[in-house]
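Asker: I am attaching a structure below and will ask some questions about it afterwards.
The values are calculated or read from the model by the stated rules, or taken from the named source; none is laboratory data. These figures come from a predicted structure and were not determined experimentally. Here the Cβ positions follow ideal geometry from the backbone for every residue, glycine too, while neighbour counts run over all protein chains shown.
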């Protein structure tokens, strides 16, 4: 096993699980935390997982990237709502051959980061996983767990095989893809309907999939995402929508990340998951009418909650 | 004053107010009631109105149209969710020259009723009014009050002036229009966005109008209704949307009828207000994408509430 040093930015459901698995398999992993810093420093990181529970102690825990060592691979596992801070957070962690991997939901995060840090090798990753934080330093991994990876620039292509090897070594299923843009759009086919509609209708993925009216909504939105992607040069294979519906029918009723964010009073990833695709499609001459409508419903709900909080 | 006998079917906010005003002005008015029958029989009908409070006693109150006398004018003020019963309810009330006026929200109610009772003279009416029932036999009329009327067939044209005269005599502003189909579509320009979105977003008309994201939703839906109407041969004048928005900005924050229905656990008028326009537009070759989406959200919410009720 090659000796690679990892940084995990954001130790929630995603970062805690993947970082935890890498550390458990023997990698040197450095975790950035915010609210849970004291707890994890003191008690370590607990992961209850369908693939086997484990407890990491001691943990290389930090509250600031300036205190962290330079790393070979940085897994960005924060919500995209904090991505405007990456331009400042990342440089202390990087050497010339570091690879930064964004395990995030949405579109264009790599473009945005690459504008701020043009010389950094970037890869896109999407996680097919049910995992969430249940308490300070305590992650519950409920189902699935595969990662899909794709290089954003050619610089990243050479660095990805090392990461793939380490992840597989840690027991994580990995799919290496060639086209980061296509990877992002494919993930949106599921994310756009299910994240927004579980919030808008206060419903689970199962309710949305089995009730005929909401199923029509889901499929209408998926078709619009596939059509927009095609206009943007991302050709999603035929049958992909049926596959996503089929998969969701077989899932346990599930609250996607945006529903968890909304219910917990956190900001929702509306910009990267909705406004960026709408904007990219518009530049390609395609109006995402249904997705815009769902985005507007979400923006209103977010604004309204904020206002009501202030009123209290 | 000519001697015309009136029947009011549905003594809620609309029927109680307009029927009450007609009775107060000296007309013979017979009210059909359901849950409030006993109360109104015993204590009469109270109307608290911005135009002056009044109390009717005794009231010609009935629980069944078969007990009511034949009338010259029948004002149908029930929710359209009960319209499938009109084919049975109306005949006992009608003579050869009776006029039936549907003061209701939605589209195609006249076509549907005329299929059941082909020889009956029908008119369409839309009410611009804030009025609702606050208790048994107790109506609160909070603002506005004008009625717009249009004949559905030529038979109705000759009978409308008498109604207009009586309504004006009773202090009600009346606008007589020529095209029932256009009248219905015009009303939908406001009704479709505001009824559905106040339910979907649990918001008032004011919140929807002043918050930029929901204002974009409202205007997008209005534009789609105007475009669909044009495809169906109903030409809504330019500037009508601006006029509706302007009007709503000046209103007191307001819960439209569908919001009141939803909050009270009553069925919503989704079929006549959403599915009928969608269907008519589709036959004319126009897909109401945004309106269909809102309709699906509402259908899901209605279904979900029903299911949760049964679960309890």
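Asker: Checking the structure you have, find out if any residue of the stretch A:201-216 is within 23 Å of residue A:103 (Cβ to Cβ), away from chain B (no Cβ under 13 Å) and in contact with a strand residue (DSSP E or B) (Cβ under 8 Å, 6 or more places away or on another chain).
Answerer: No - not one qualifying residue is present in the stretch A:201-216.
Let's see how each residue does on (1) surrounded by fewer than 16 Cβ atoms within 10 Å (Cβ to Cβ); (2) closer than 22 Å to residue B:142 by Cα:
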{"residue": "B:24", "(1), (2)": "no, yes"}
{"residue": "B:31", "(1), (2)": "no, yes"}
{"residue": "B:39", "(1), (2)": "no, no"}
{"residue": "B:42", "(1), (2)": "yes, no"}
{"residue": "B:55", "(1), (2)": "yes, yes"}
{"residue": "B:62", "(1), (2)": "no, no"}
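Asker: Go through (1) exposed (fewer than 15 other Cβ atoms within 10 Å of the Cβ); (2) touching a helix residue (DSSP H, G or I) at 6+ places or on another chain (Cβ under 6 Å); (3) closer than 27 Å to residue B:255 by Cβ for residue B:66 and report which single condition fails.
Answerer: Result: residue B:66 fails condition (3) only.
Asker: Return the residues of the stretch A:151-188 that are in a helix (DSSP H, G or I) and surrounded by fewer than 19 Cβ atoms within 10 Å (Cβ to Cβ); say none if nothing qualifies.
Answerer: Scanning the stretch A:151-188 gives A:154, A:155, A:157, A:161, A:162, A:164, A:165, A:168, A:169.
Asker: Quick check on my filter: what residues within the stretch B:33-53 are touching a strand residue (DSSP E or B) at 6+ places or on another chain (Cβ under 7 Å) and more than 22 Å from residue B:164 (Cα to Cα)?
Answerer: Residues satisfying the conditions are B:33, B:37, B:40, B:41, B:44, B:45, B:46, B:48, B:53.
Asker: Among the numbered criteria (1) surrounded by 23 or more Cβ atoms within 10 Å (Cβ to Cβ); (2) within 14 Å of chain B (Cβ to nearest Cβ), which one does residue A:227 miss?
Answerer: (1)
Asker: Can I ask one more? Exactly one of these conditions fails for residue A:301: (1) over 24 Å from residue A:179 (Cβ atoms); (2) away from chain B (no Cβ under 14 Å). Give me its number.
Answerer: So the condition that residue A:301 fails would be (2).
Asker: So which of A:264, A:255, A:284, A:295 is closer than 25 Å to residue B:201 by Cβ, touching a residue at least 40 places away in the same chain (Cβ under 8 Å) and more than 14 Å from chain B (Cβ to nearest Cβ)?
Answerer: Being closer than 25 Å to residue B:201 by Cβ, touching a residue at least 40 places away in the same chain (Cβ under 8 Å) and more than 14 Å from chain B (Cβ to nearest Cβ) holds for just one of A:264, A:255, A:284, A:295, which is A:255.
Asker: I'm checking my understanding of the structure. Among residues of the stretch B:111-121 that are in contact with a strand residue (DSSP E or B) (Cβ under 7 Å, 6 or more places away or on another chain) and assigned to a helix (DSSP H, G or I), which one is surrounded by the most Cβ atoms within 10 Å (Cβ to Cβ)?
Answerer: Residue satisfying both the conditions and the ranking: B:113.
Asker: Based on what the data block shows, is residue B:222 assigned to a helix (DSSP H, G or I) and surrounded by 15 or more Cβ atoms within 10 Å (Cβ to Cβ)?
Answerer: Yes; evaluated as a whole, the condition is true for this residue.
Asker: Considering only the stretch A:193-209, I want to know if a residue exists there that is outside the structural domain of residue A:41 (by TED's automatic domain parsing), outside any helix (DSSP H, G or I) and in contact (Cβ under 8 Å) with a residue 12 or more places away in the chain.
Answerer: yes
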